[in-house]
């Protein structure tokens, strides 16, 4: 999966919320002053080229839709972050989160119970 810019991710969030959109509809989500139609259209085409969006011809325009779910995108970003910043170690990630958040022993036990419950339900 190719990387996307902050602005492209902002547009993807509109698609993840609404599913199918025309460029004109995307503009409605922006406050004034709205970006130019051509600017948004260029970013949408870039997302399509990167494999994030598909499209259907609709008259003389296109209706776009997401090809990548928000969950898939988030998982991929998490994997990249773990690889880049934590030596591909999820243990190091959890350790850093525990230190940063100052989690108590009881909170950690609760987290472990939740993980065990999810694993049992997924089997």
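Look at the stretch 3-32: where a residue is within 18 Å of residue 73 (Cβ to Cβ) and a partner is at pLDDT below 95 and part of a loop (DSSP other than H, G, I, E, B), sitting 6+ places away or on another chain with Cβ atoms under 7 Å, you get 12/4.
Only one of the listed residues (55, 90) is touching a strand residue (DSSP E or B) at 6+ places or on another chain (Cβ under 7 Å), without any contact (Cβ under 8 Å) to a residue 60 or more places away in the chain and either farther than 30 Å from residue 14 by Cβ or surrounded by 14 or more Cβ atoms within 10 Å (Cβ to Cβ) (or both). That residue is 55. Residues in the stretch 95-107 that are modelled with pLDDT under 85 and either surrounded by 12 or more Cβ atoms within 10 Å (Cβ to Cβ) or more than 18 Å from residue 75 (Cα to Cα) (or both): 98, 99, 100, 101, 102, 103, 104, 105. Just one of the listed residues (66, 57) is at pLDDT 95 or above and closer than 18 Å to residue 77 by Cα, and it is 66.
Just so you know, in the stretch 12-26 the residues that are over 14 Å from residue 62 (Cβ atoms) and in contact with a helix residue (DSSP H, G or I) (Cβ under 6 Å, 6 or more places away or on another chain) include one that is surrounded by the most Cβ atoms within 10 Å (Cβ to Cβ), and it is 14. Of the residues making up the stretch 73-87, those that are free of Cβ contacts under 8 Å to residues at least 24 places away in the same chain and within 30 Å of residue 26 (Cα to Cα) number 7.
Could you grab me the full set of residues in the stretch 2-18 that are more than 9 Å from the chain's Cα centre (by Cα) and within 11 Å of residue 68 (Cα to Cα)? Residue satisfying the conditions is 15 alone.
The values are calculated or read from the model by the stated rules, or taken from the named source; none is laboratory data. Values in this document were obtained by computation on a predicted structure and should not be read as measured data. In this analysis, Cβ positions are derived from the backbone assuming ideal geometry, glycine residues included, and neighbour counts consider all displayed protein chains.
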